[in-house]
Amino acid sequence: MIHVCFGLYDKTGRYSKFTGTTICSIFENTTSDVTVHILHDNTLTDDNRDKFIYLASRYGQAVNFYNVDELCAEKLDEFIEYFPTVKGSHVSVGTMYRFLLPEIIAPEIEKLIYLDSDIIVNLDIKELWQIEIDDKILAAVPEILSYETIEKMEYFFPLCKQGLIRCEDYFNSGVILMNLDLLRKAKETIIDGLKFFEENPQPVGYPGQDIWNYCFSARALKLPIKFNQFTLFARYDEESLAEKIYHYAGGNLGHGLGLDLNDSFNWLWTNYFIKTPWFDGDSIGRLYEGFLKVSGELKRAALKLSSIMSGKTRSFVILEKDIDMLVGNFSVRDDEEVFAIKSTLPLQKLINVMNVSRGKKIFFILLPGFEFDRLEEAGFIRGEDFLDGYDFLTKDYKLNKIAYSLVSKM
């Protein structure tokens, strides 16, 4: 029996479909017996609970529910006291339920696969289940396999910059193979980790993941990236679909999930979603209403952009390898500047260039992971002095941002 677990906080009642889609992808790709364990609170509606049961029964699999509000409310409140800001966030609150696993899951279950709900398991999950973790407390994919450089790791993950965790050891917590026997013996380690972050708040909001790393990064088996591949980076590297576990993190930023089915990763998610009981007439109706609303918003945005551009010329900052983007998306004129760079552009150099043209030009910046907040710190105004150029790509980026919002409301 393979055991898979999710943490579910569903304030609007519309987040369960993401968990259900992940579960469907597991059932579709394995012939093994699977038991799904859902840690939830009182936000799980009867209707969504029935849909989870129906989905499991249709594939001849099992699903168990654990209401943390009823089973261990005091312990959960104790955990959340360390992070009061997570209350009300479906991502953070749901991920905090993982700390309750030693309290909730039956002692005869020795190991468990924990998954976030923005995941598609496009392989037989038995492949992950059969990995021997021996004396390790967990197994997970290191973030360094996605971010590639120490500099990027230190920017996004302060624990690495502070030297508390080696960059090579810091892992993503969206997919974890857990040794529950050892985890049950590490309850005090988790409490110590929670206390540390209460006393040393971090500037970047990954509370659940940071705690797991602070507690267990030195006791984690490193998995290959096929077990937690970000769709953001797979798209950027122009990868084809493969037998991997895909992570659609960053959907609200336009990186994760969209409705353009010419994109193979959007198609993959949709292919599983339509096989769930959440794909129904009501969801299609809400999607249509969303498109009507977005249509009006786009018209207003076009008028606003026209006002912003009045009396200004455009300049573009883009990677050399992406220069073809400008032809299909911006119709660049001969009198407009294009700064085509090989890899990175020193921030101060860009600031100096923008200072010379302040008020005369607006800069469209198309650089992956660019630190726009640093330009604002330098006194430039988003929407007047610079814009995120990816927002204006006709192919997918802007539409994906819109589409994620629409999918979330279905």
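The values are calculated or read from the model by the stated rules, or taken from the named source; none is laboratory data. In this text the structure is predicted, and so the values were computed from the model without any measurement. Heads up, the Cβs are rebuilt from the backbone with ideal geometry, glycines too, and the neighbour counts pull from every protein chain shown.
Laid out as a table, the results:
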quantity	calculated
One residue from 85, 22, 35 being surrounded by fewer than 18 Cβ atoms within 10 Å (Cβ to Cβ) and at pLDDT 95 or above	35
Entirely in the range 97-208, the strands (runs of 3 or more DSSP E) that have 2 or more residues that are small (Gly, Ala, Ser) and surrounded by fewer than 18 Cβ atoms within 10 Å (Cβ to Cβ)	none
Test: residue in the range 142-157 that is in the same structural domain as residue 248 (by TED's automatic domain parsing), in contact with a helix residue (DSSP H, G or I) (Cβ under 6 Å, 6 or more places away or on another chain) and under 28 Å from residue 104 (Cβ atoms)	no
Lone qualifier among 396, 391 - being modelled with pLDDT of 70 or more and either within 27 Å of residue 270 (Cα to Cα) or not aliphatic (A, V, I, L, M) (or both)	391
Residue within the range 64-72 that is among the β-branched types (Val, Ile, Thr) and modelled with pLDDT of 95 or more present	no
Conditions (1) touching a residue at least 40 places away in the same chain (Cβ under 8 Å); (2) more than 22 Å from residue 248 (Cα to Cα): number failed by residue 178	(2)
Tabulated pairs, the range 55-76, first assigned to a helix (DSSP H, G or I), second of a type in the set (D, E, K, R) and at pLDDT below 95, C-beta under 6 angstrom, 6+ apart or interchain	68/41; 69/41
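Yes/no per residue for (1) modelled with pLDDT of 85 or more; (2) over 22 Å from residue 6 (Cβ atoms):
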| position | (1), (2) |
| --- | --- |
| 181 | yes, no |
| 186 | yes, no |
| 193 | no, no |
| 213 | yes, no |
| 221 | yes, no |
| 224 | yes, yes |
| 241 | yes, yes |
| 253 | no, yes |
| 257 | no, no |
